[in-house]
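The values are calculated or read from the model by the stated rules, or taken from the named source; none is laboratory data. Source: prediction; values computed, not measured. Neighbour counts are summed over all protein chains in view; Cβ atoms, including those assigned to glycine, are modelled from backbone coordinates with ideal geometry. Heads up: the accessible areas ignore ligands, DNA and RNA and are worked out on the full protein's heavy atoms, side chains in. Shrake-Rupley method; radii C 1.70, N 1.55, O 1.52, S 1.80 Å.
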Amino acid sequence: MTASNTRNADTKTYATSLITDNDRYSYWATDDTKTSATLEIKLKSAATFDLIQLRENIKLGQRIDSVVVEQWADNTWKPLARATSIGANRLIKLEQPTTTTRLRLHIYAPVAITLSDFGLFKEYNESFAFDTKELKNKRALNYRQQVRPTRPI
């Protein structure tokens with residue numbers, strides 16, 4: 001993972017590796033004067049995903065106001081997703097699964113950028129249906145409980 005800027009060039013305290021260390025409060029940061037940055041992520045192997053997770057270290061406040069995600073495909077960068085306000089946890093749902101080995105994030109903020117977590121996930125595909133008869137019975141029971149008259153004390 002490489003960044004266009006790291007705070008004070010301190011690749012230990014504010015390293016990009018802190019984004020994937022499973023500690024939501026450690027973070028990569030840019031210099032105070034850098035309010036936009038690029039983060040390039042090279043995966044160990046091709047990954048198929050349809051959810052992108054981003055987190056800020058919310059203890060420092062919400063800083064990131066937008067992000068543009070690109071994927072490497074056909075030997076060029078192609079737009080994949082965009083989002084606004086990351087905050088404590090942002091899930092970006094893709095319209096369909098995609099497979100790639102590289103991603104690039106363009107991150108924008110009014111102040112120095114801090115990013116504490118990044119993840120890729122594939123939503124589990126399982127058929128899902130309600131038992132409508134059971135739901136109707138529960139709704140009727142709940143309604144009867146709500147409208148039961150109460151006796152004055």
**Study point:** Hits in region 58-68 - residues which are open to solvent by 10 Å² or more (accessible area, probe 1.4 Å) and touching a residue at least 24 places away in the same chain (Cβ under 8 Å)
**Key:** Ile58, Lys59, Leu60, Gln62, Arg63, Asp65, Ser66, Val68
Review point. Residue check, Asp32 against (1) assigned to a strand (DSSP E or B); (2) under 16 Å from Ala109 (Cβ atoms); (3) open to solvent by 80 Å² or more (accessible area, probe 1.4 Å), all met but one. Which one?
Key: (1)
Exercise for review: Looking at (1) under 16 Å from Arg90 (Cβ atoms); (2) touching a Ser or Thr at 6+ places or on another chain (Cβ under 6 Å), find the lone condition where Thr48 falls short.
Suggested key: (1)
Exercise for review: Residue by residue through region 1-29, note down the ones that are among the hydroxyl-bearing types (Ser, Thr, Tyr) and either open to solvent by 40 Å² or more (accessible area, probe 1.4 Å) or more than 19 Å from the chain's Cα centre (by Cα) (or both).
Suggested key: Thr2, Ser4, Thr6, Thr11, Thr13, Tyr14, Ser17, Thr20, Tyr25, Tyr27
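Hey, does region 21-30 have a residue that's free of Cβ contacts under 8 Å to residues at least 12 places away in the same chain and over 23 Å from Asn125 (Cβ atoms)?
Yes - at least one qualifying residue is present in region 21-30.
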Exercise for review: Just give me the residues in region 74-119 being assigned to a loop (DSSP other than H, G, I, E, B) and among the polar types (S, T, N, Q), in sequence order.
Suggested key: Asn75, Ser85, Asn89, Ser116
Practice item. Kindly provide the set of residues from region 85-106 that are within 12 Å of Arg55 (Cα to Cα) and among the β-branched types (Val, Ile, Thr), ordered by number. Key: Ile86, Ile92
